[in-house]
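Read through the structure below, which is laid out as structure tokens, and then see the notes.
The values are calculated or read from the model by the stated rules, or taken from the named source; none is laboratory data. These numbers were taken from a predicted model, which means no experiment stands behind them. Reconstructed Cβ throughout: ideal geometry from the backbone, glycine too, with neighbour counts over all protein chains shown. Accessible surface areas use protein heavy atoms only, side chains included; no ligands, DNA or RNA. Shrake-Rupley method; radii C 1.70, N 1.55, O 1.52, S 1.80 Å.
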Amino acid sequence: MGEAVWLTLKLAVTVTILLMIVAVPLACWLARSKAWWKEVVGTLVSLPLVLPPTVLGFYLLLAFSPSSPLGRLAQAVTGHGLAFTFEGLVLGSILYSLPFAVQPVRNAFEAIGHGPLEAAATLRASPLDRFFTIALPLARPGLLTGAILAFAHTVGEFGVVLMIGGNIPGETKVLSIAIYDYVETLEWGKAHVLAGGMLVFSFLVILAMTLIEKRLRFGRADARG
């Protein structure tokens, strides 16, 4: 049981860090770009919101197969394939949780508007300066929400994880799979412990996100005066 908890936390932390590295510049581009095809990219990013997890898991399993280009690349680099490995879980979880990280950050960048950045540009601030000293600090609530949602969503994954990871103890058997496994083997006591823990965790995540967002919003309002 402890092994599944540790593996789930390790997966969620790894995915959240990598997701935010990908999601922040992508969300900024989606919020600021005037390219006509940006909504095509935005729709592709949001697809996991409506796709059944088994569909995404099926296509990921095909993409991870040893005969696919990605599978051959992984074999050449790491010496093994991606299916039924922790690395495969990380990659699949990044794709599956991408909209949960991108959408709040995109909303935060769009809410800033053009005024603050144009004012900084008139003071000769470079694009990088404007991004790091104005856009990122003002988008903090969205960044925080995106990170918390990505972490929580990764912790609760089931369908995609089962499809591409299976049920290998110590390698791919995360909490949601462990609960399913305990129910299948009629070990109701252990299933209750893990399911109850997930319930409390979910409640605390939503409560923390709400309180932190309110604190940041009020702090910004106080700063304005």
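Note on segment 1-27: among residues that are part of a helix (DSSP H, G or I) and over 16 Å from the mean Cα position of the chain (by Cα), the one that is farthest from I94 (Cα to Cα) is G2. Within segment 73-92, residues that are assigned to a loop (DSSP other than H, G, I, E, B) sit with their Cβ atoms under 7 Å from residues that are of a type in the set (D, E), at 6+ positions apart or across chains, in these pairs: T85/E171. Taking (1) open to solvent by less than 40 Å² (accessible area, probe 1.4 Å); (2) at pLDDT 85 or above in turn, G165 satisfies each apart from (2).
For segment 103-122, does any single residue satisfy the condition of being over 18 Å from the mean Cα position of the chain (by Cα), over 25 Å from T43 (Cβ atoms) and β-branched (V, I, T)? For segment 103-122, residues over 18 Å from the mean Cα position of the chain (by Cα), over 25 Å from T43 (Cβ atoms) and β-branched (V, I, T): present.
Annotation note: of L194, L144, the sole residue that is in a helix (DSSP H, G or I), among the aliphatic types (A, V, I, L, M) and closer than 21 Å to L49 by Cα is L144. When the test is whether a residue is in contact (Cβ under 8 Å) with a residue 24 or more places away in the chain, under 30 Å from L194 (Cα atoms) and open to solvent by 50 Å² or more (accessible area, probe 1.4 Å), M1 passes it. For segment 44-64, residues that are outside any helix (DSSP H, G or I) and farther than 16 Å from V160 by Cβ total 0. Among the residues of segment 101-115, none qualifies, meaning not one is farther than 26 Å from R215 by Cα and hydrophobic (A, V, I, L, M, F, W, C).
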